[in-house]
Amino acid sequence: MSSSVQHRSIAKYRRRAAGYDASTGRTRVLRLRTIDGLLLQPGDVVLDVGCGTGLSFEPLRERIGPTGRIVGVDQSPEMAQQAVQRVQSRGWSDVTVVVGPIEDFRWAGRFDAILFNYAHDITRSSQAVSNIFRHAAPGARVAMAGMKLFPWWAGPLNLYALAKNWGWNGSVAGMRRPWDIVQRHVPDLRVESTQFGMGYIARGRVGGVTAVADLDGPANEAVAPGRS
Ligand SMILES: C[S@@+](CC[C@H](N)C(=O)[O-])C[C@H]1O[C@@H](n2cnc3c(N)ncnc32)[C@H](O)[C@@H]1O
């Protein structure tokens, strides 16, 4: 991620952190659907990329049970501080919050599942995404949710989408197909449109079979390599 995007993001979340949770009401159901897409099992180790205030921790914990573990990473000190407070106030010993850019993240183990809930700036950085997938277990499950542009025919509505996202992201570049860098690592990524086309949810597996098409194509289904 370029340092200007990073600095803008940190500055925006410094201002937004206090009111962040209250602003997420309408997307909570989508966040939960994204988490469901991880098909979590008891004992899974989950990486929550750009975990923010830790909104996903509780639903993740419910699914991985007492033998699972969550590692949340966020570069915004103010957002991460709220995540830490959430963990401490609930007495969760199975959740670790790492403060810093995900590009510099290092972890000794491998993750069974990787969650990108509304982490646009991260998903647009090849450097960040490569580092994340360096930490993925073979076959790790991946799920992401975020905002995107409306289809091309919705034209001017996209000015609204861009303006809305500028408030939250260090950059609004790459909103046509925000998942395409992650898709290099998750060839079977299935993308579903949400919020009348202004949002998406995607899920797949590291090393999954290649998808023949995605959201914009006629058939969003996976096939074994070699089949056409
Ligand atoms: C829209 S918030 C989403 C937070 C959380 N995932 C949720 O669902 O509420 C995006 C978060 O990504 C974090 N972020 C952006 N770029 C980052 C980077 N390079 N490394 C780590 N965190 C980053 C921001 O600080 C912010 O907390």
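Computed from the coordinates by the stated procedures, all read-outs in this text should not be read as laboratory data. None of the values given here were measured: they were computed from a predicted structure. A quick note on method: Cβ atoms are made from the backbone with ideal geometry, for glycine too, and the neighbour counts reach across all protein chains shown.
Mean projection of the Cα convex hull over all viewing directions, computed for segment 123-173: 4.7 nm².
Bridge orientation summary for the chain: considering DSSP beta bridges with both residues in this region, about 40 percent are antiparallel. Where q = 0.15, 0.20 Å⁻¹, what log10 of I(q)/I(0) comes from the Debye formula for segment 81-199, counting one point per Cα? One equal scatterer on each Cα of segment 81-199 leads to -0.79, -1.18.
Here the ratio of the Cα radius of gyration of the chain to 2.2 N^0.38 Å is 0.97.
Charging the Cβ of each Asp and Glu at -1 and of each Lys and Arg at +1, and nothing else, the dipole of segment 3-205 about its Cα centre rounds to 380 debye. P(r) tail for segment 15-89, what percent of Cα pairs lie past 20 Å? For segment 15-89, the fraction of Cα-Cα distances above 20 Å is 30 percent.
Compactness ratio of segment 6-51: Cα Rg over 2.2 N^0.38 Å, N = residue count? Walk me through the numbers on the way to the answer.
Details: Rg = 13.9 Å, N = 46, 2.2 N^0.38 = 9.4 Å.
Scaled against compact globular proteins, the figure is 1.48.
Protection proxy ranking for 105-116, 82-93, 18-29, using the average of other Cβ atoms within 10 Å per residue and placing the highest first: 105-116, 82-93, 18-29. The residue among 77, 115, 126 whose Cα reaches farthest toward the positive pole of the charge dipole of the chain, with charges on the beta-carbon of Lys, Arg, Asp and Glu, is 77. Each residue of segment 190-199 was assigned a 3J(HN,Hα) from its phi angle through the Karplus curve 6.51 cos²θ - 1.76 cosθ + 1.60 (θ = phi - 60°); the sequence is 9, 10, 10, 7, 10, 6, 6, x, 8, x Hz, with glycine and proline shown as x. A crude spin-label estimate for the pair residue 5 and residue 104, with each label 7 Å from Cα along the Cβ direction, gives 1.8 nm. Ranking 68, 98, 149 by Cα position along the charge dipole of segment 3-205, where only Lys, Arg, Asp and Glu carry charges on their C-beta atoms, puts 149 farthest toward the positive end.
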